[in-house]
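Below you'll find the structure, written out as structure tokens, and then a few comments.
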Amino acid sequence: MINLETPKKFEFLVGQAHQVASEIFRSNSRKYDGDEHSYPKELDMLAAVIDGMNEGGALSGAGAGGVGEGNGKKPDRDGNRNGSNIASLLGLIELSWGDVGLLLTMPRQGLGQAAIAAVANEQQLKRFGGKWAAMAITEPEAGSDSAAIRTTATLEGDEYVLNGEKIFVTAGDRAELIVVWATLDRKQGRAAIKSFVVERDNAGLILERLEHKLGIRASDTADFRLENCRIPKDNLLGSPEIEPKRGFAGVMQTFDNTRPLVAGMAIGVSRACLERTRELLTEAGVEIDYDLPPHAQVAAASEFIAMESDWEAARLLTMQAAWMADNKKPNSLQASMAKAKAGRTATDIALRCVALCGSIGYGERELLEKWARDVKILDLFEGTQQIQLLIVARQLLGKTSAELK
Amino acid sequence: MAEQNFTERGMAVGLRALNRLASNGLIDRFGLRDPAQRVLHGASKATVRTATRTGRTFAATQKLSKPARQPRAGRSDLFDLTPDDEQQLLRESVRDFALAKLRPAAQEADEACATPGELLGQANELGLTMVGVPEELGGAVAERSAVTTVLVAEALAQGDMGIAVACLAPGGVSTALSLWGDADQQATYLHEFVGANVPVAATAIVEPRALFNPFELQTRARRAGDGFVLDGVKSLVPRAADAELFIVAAELEGEGPALFILESGTAGPSIEPEPAMGIRAAATGRLILEDVKIPAGALLGDPGRDLVAECVQLGRLGWCALAVGTGQAVLDYVIPYVNERKAFGEPISSRQAVAFTVANIAIELDGMRLATYRAASRVDHGVPFAREVSLARRLCSERGMAIGSDGVQLLGGHGYTKEHPVERWYRDLRAAGVMEGALLL
């Protein structure tokens with residue numbers, strides 16, 4: 001039966017996440033935005049609490065816990081499931097409403113776990129599960145084109161030796177593990193690309209620098225050099241065979257799971273913008289009347305409803321993608337649609353809110369300007385807007401990546 | 001092919017009412033009626049004012065002690081995008097009907113400013129006017145089901161928006177009478193909407209002026225003696241010339257906005273054809289009210305902003321569903337076109353500028369659809385839906401129009417000609433941001 005309301009059964013968990021977001025994230029937002037690269041120690045205590053809860057992965061960060069599985073949740077009588085994908089999404093929306101930079105640097109969360117969950121075997125899951133894992137894909141010469149990466153992995157005895165350069169590693173400095181994408185044989189193209197787990201304290205993993213960024217400054221973004229970095233050969237995630245048919249598809253699957261979560265972050269940040277803007281507009285005497293035609297109310301009210309309507313579309317597209325994952329329906333198309341709509345909508349909303357609120361919006365006394373800086377990353381990482389449109393277009397038009405570049 | 005599916009499935013299965021109707025050979029008759037029977041009520045090109053139709057005499061056939069209302073549907077707590085079996089079957093059947101029957105008739109109906117009587121008859125046999133009527137009064141479904149009607153409207157609009165409006169307008173009136181009618185009003189009118197000869201009817205809210213706001217009506221009603229007197233002009237009323245019954249929104253002196261039941265046989269009202277940019281198959285017209293006297297029993301529901309707001313919201317929901325269906329028609333049309341059309345030695349869809357436009361149509365369309373479904377499901381579950389309808393309306397108005405424009409753009413100059421339906425969809429989609437009432441779900 002068609003129902004697009006947020007299930008009551010998640011209320012408790014959303015409430016918990018909201019508490020964390022408002023009590024811990026919001027009160028430290030400005031501090032770590034100003035103090036880039038200093039470690040938010042307040043999160044250690046929080047991480048311990050979350051390890052304790054961890055029910056259904058509600059408070060888990062992007063990719064942690066049971067992402068991709070509708071684990072353990074009973075279906076209703078129609079066989080419909082609302083499981084950990086929706087739970088994770090709802091939790092993330094709340095936490096991102098608090099502060100998306102802090103969310104991205106939550107200990108033991110992070111995108112690396114999604115990569116591990118997507119391709120690891122059982123033994124690897126046991127060895128690496130629960131650890132703080134970052135993801136190292138991008139290279140100076142290979143961004144969206146992740147098939148073009150140059151970092152190599154060479155088998156020498158019982159070890160792989162990694163060499164290359166990785167940039168834009170979110171939580172790279174603070175994580176315990178870095179999941180590194182490298183090629184076993186550059187001549188064999190994308191099928192030869194595998195992911196490898198590197199311990200952060202490996203001597204061959206050399207931190208080059210931390211980025212200074214537009215936003216999400218609470219979260220460290222690391223650049224690494226891999227120099228004869230030796231790892232046990234069991235740290236190759238999944239199969240070491242080069243299978244031209246499906247090798248790359250495996251690692252790319254990670255993104256089907258994480259894109260709705262990044263979309264959720266965009267929804268959380270932009271909800272914060274809308275809520276605060278609405279308060280400020282109300283103080284300014286603007287009344288928002290949902291029944292009136294756009295031209296029959298003041299421009300600010302009309303603009304607010306327009307922003308809210310796009311926000312609602314983005315939110316529902318994202319819920320759809322998560323719901324499909326919970327019900328084991330292939331959702332690659334919907335995940336990219338959600339990410340595309342949410343990324344651009346959230347950025348648009350945040351910037352318009354700054355403009356609507358004038359100097360209050362632009363000044364540092366409010367968080368609106370910070371959210372407008374933070375939000376832009378969500379239209380970039382985990383696949384830029386343009387990459388999402390390519391994925392959506394290829395699926396709709398029945399085209400391969402060679403036919404639509 | 002579509003016809004085959006359509007026949008096999010049987011349109012009737014979705015609604016209980018259809019089962020009854022199907023048994024007397026409904027399906028066999030599709031497409032087989034004598035062409036002579038097709039009556040095209042073409043709108044005359046000149047603006048000629050005529051009296052409203054004489055129409056039937058509406059009279060109660062039973063005595064009701066109290067009005068009947070459809071109960072609200074109970075709801076599962078879980079988020080769910082799967083329509084129930086009945087809804088799925090109905091949606092597929094109606095979509096088949098729309099693609100097999102409405103789409104081929106659309107261009108001619110657009111030019112004629114009228115929907116063929118044959119199609120209207122078939123649509124009536126679908127039971128569209130029965131969905132909103134309580135079961136004890138002969139209605140087709142047990143519970144309030146705006147979601148079902150949204151799915152039906154969306155599916156019909158995939159065939160043609162203008163014809164869909166013509167088909168759905170009477171159902172809006174039966175839904176209004178079911179929701180707000182008192183015992184006498186329900187006894188007088190509703191039996192006609194569940195019978196074999198469904199009256200043409202429409203909800204008249206829009207008035208002809210810039211910046212029209214449905215909560216500041218210039219159509220006036222005043223109490224006079226036992227009844228009311230109506231004065232004003234209503235704009236873009238579907239099938240106005242043929243209608244036998246109207247729901248008219250007017251400002252009731254001293255009491256706020258109100259809804260009135262107006263029978264076409266009443267002395268005084270007249271009709272002017274008012275063809276527009278699009279939805280021309282709906283044969284839109286103006287309803288002119290000059291000193292029109294109606295009885296006390298014509299007042300529908302309790303006057304005040306709440307009533308008119310709900311009526312307006314349910315109307316907007318209908319236009320959203322139509323925009324979603326029309327948007328889907330655009331998407332389904334442009335995909336094969338851009339894949340087949342070659343320029344510079346390759347399909348134009350190999351270019352990002354074209355491919356991304358298609359992707360964005362799909363993204364925005366899905367957002368419109370989900371927002372519309374959410375608003376409809378809130379109607380069914382009896383929780384407030386003003387905000388959700390408003391958000392869906394804004395999306396369907398603005399994003400929907402952009403889809404219409406992109407549809408033409410993707411076909412280039414060809415899209416501008418009547419060789420392709422995208423120019424019609426472009427014209428039709430503008431209605432979703434302009435119209436109020438006319439139909440309501």
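Bear in mind these aren't lab numbers, they're just calculated from the coordinates by the rules spelled out. Just so we're clear, the structure is a prediction, and the values are computed from it rather than from any experiment. Cβ coordinates were reconstructed from backbone atoms using ideal geometry, including for glycine residues, and neighbour counts include every protein chain displayed.
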Completion exercise
Karplus-derived 3J(HN,Hα) from phi for the stretch B:357-370 (6.51 cos²θ - 1.76 cosθ + 1.60, θ = phi - 60°), whole Hz, x at Gly and Pro, runs 4, 5, 4, 5, 4, 5, 5, 5, 4, 5, x, 4, 5, 5
Fill in the blank from the handout: Links exceeding 20 Å between C-alpha atoms in this model, out of A:Lys31/A:Lys339; A:Lys31/A:Lys213; A:Lys405/B:Lys342, come to A:Lys31/A:Lys339
Completion exercise
Straight-line reach check, A:Lys328, cutoff 14 Å on alpha carbons, 8 or more apart in-chain or any other chain, hits among aspartates and glutamates -> A:Glu69, A:Asp256, B:Asp80
Completion exercise
A correct Stokes-Einstein calculation for the stretch B:305-434, using the alpha-carbon Kirkwood radius, 10 °C and 1.306 mPa s, returns a whole-number D in µm² s⁻¹ of 103
Exercise for the section: Quick one: order A:Lys213, A:Lys329, B:Lys101 by neighbouring beta-carbon count within 10 Å, fewest to most. Expected result: A:Lys329, A:Lys213, B:Lys101
Practice task
Please work out how much length the chain gains when fully extended from B:Thr57 to B:Arg69, using 0.36 nm per residue of separation minus the C-alpha to C-alpha distance, in nm with one decimal.
Solution key: 1.9 nm
Exercise for the section: Would you compute, from DSSP H runs of 4+ residues alone, the mean residue ellipticity of chain A at 222 nm, taking -39500 (n - 2.57) per run and dividing by the full residue count, rounded to the nearest 500? Expected result: -14500 deg cm²/dmol
Fill in the blank from the handout: Here P(r) for chain B, Cα-Cα distances in 20 Å bins, as whole percents, is 27, 59, 13, 1
Fill in the blank from the handout: Quick note, the stretch A:131-235: a/c under 1.5 would make it rounded; otherwise a/b > b/c is prolate and the rest oblate (a ≥ b ≥ c, C-alpha gyration tensor); here it is oblate
Practice task
With no solvent and one equal point scatterer placed on each C-alpha of the stretch A:100-172, evaluate the Debye formula and give log10 I(q)/I(0) for q = 0.13 Å⁻¹, two decimals.
Solution key: -0.48
Practice task
Report, as an integer, the average count of C-beta atoms from other chains found within 10 Å of each Cβ along B:202-213.
Solution key: 1
Practice task
Beyond 42 Å, what share of the Cα-Cα pairs of the protein assembly as shown is found? Please give it as a whole percent.
Solution key: 38
Problem - Likely footprinting exposure, B:Asp428, A:Asp220, A:Asp33, fewest C-beta neighbours within 10 Å first - result: A:Asp33, A:Asp220, B:Asp428
Handout entry: Convex hull volume per residue for the stretch B:162-214, taking Cα atoms only, in Å³
Key = 102
Completion exercise
Around A:Asp234 (Cβ within 11 Å, Cβ-to-Cβ, excluding A:Asp234; K/R +1, D/E -1) the net charge comes to 0
Exercise for the section: Set the Förster radius R0 to 22 Å, insert the Cβ-Cβ distance between A:Asp348 and A:Thr282 as r into 1/(1 + (r/R0)^6), and round the FRET efficiency to 0.05. Expected result: 0.50
Fill in the blank from the handout: proj_area_mean for the stretch A:266-384 (convex hull on C-alpha atoms), units nm², value 8.0
Exercise for the section: Return the subset of A:Lys41/A:Lys376; A:Lys166/A:Lys233; A:Lys131/A:Lys194 for which the Cα-Cα distance in this structure is over 23 Å, preserving the input order. Expected result: A:Lys41/A:Lys376
Exercise for the section: Just round it to a whole percent: the fraction of Cα-Cα distances in chain A exceeding 32 Å. Expected result: 34
Practice task
Considering the options A:Met324, A:Ala300, A:Ser359, tell which one lies farthest towards the positive end of the dipole of the stretch A:249-397, charges being +1 on Lys and Arg and -1 on Asp and Glu at the Cβ, about the Cα centre.
Solution key: A:Met324
Practice task
Select from B:His414, B:His381, B:His191 the residue whose mean-square fluctuation is largest in a Gaussian network model of chain B (Cα-Cα springs shorter than 10 Å).
Solution key: B:His414
Practice task
Using just the alpha carbons, could you tell me how many Å³ per residue the convex hull of the stretch B:221-264 encloses?
Solution key: 76
Practice task
Just check the stretch B:220-300 against the gyration tensor rule for me: Cα atoms, a ≥ b ≥ c as the square roots of the eigenvalues, rounded for a/c under 1.5, and otherwise prolate or oblate depending on whether a/b exceeds b/c.
Solution key: prolate
Exercise for the section: Could you work out, residue by residue across B:306-319, how many beta carbons of other chains sit within 10 Å of that residue's beta carbon, and then give the average as an integer? Expected result: 1
Practice task
Excluding A:Val262 itself, calculate the net charge of residues whose Cβ lies under 14 Å from the Cβ of A:Val262, where each Lys or Arg counts +1 and each Asp or Glu counts -1.
Solution key: +2
Exercise for the section: Would you mind ranking A:His18, A:His37 by Cβ crowding within 10 Å, fewest neighbours first? Expected result: A:His37, A:His18
Fill in the blank from the handout: Counting other chain Cβ atoms within 10 Å of each Cβ in B:351-357 and taking the mean gives 5
Completion exercise
One quarter of the C-alpha convex hull surface, i.e. the mean projected area of the stretch B:71-193 in nm², amounts to 8.2
Problem - Ratio Rg/Rh, restricted to the stretch A:320-372 and using Cα atoms, in which Rh is the Kirkwood radius - result: 1.26
Handout entry: Net charge, B:Ser397 excluded, C-beta distance under 11 Å - Lys, Arg +1, Asp, Glu -1
Key = +4
Exercise for the section: Would you list which lysines come within 22 Å of B:Lys101, measuring only between C-alpha atoms, while excluding same-chain residues fewer than 8 positions from it? Expected result: B:Lys418
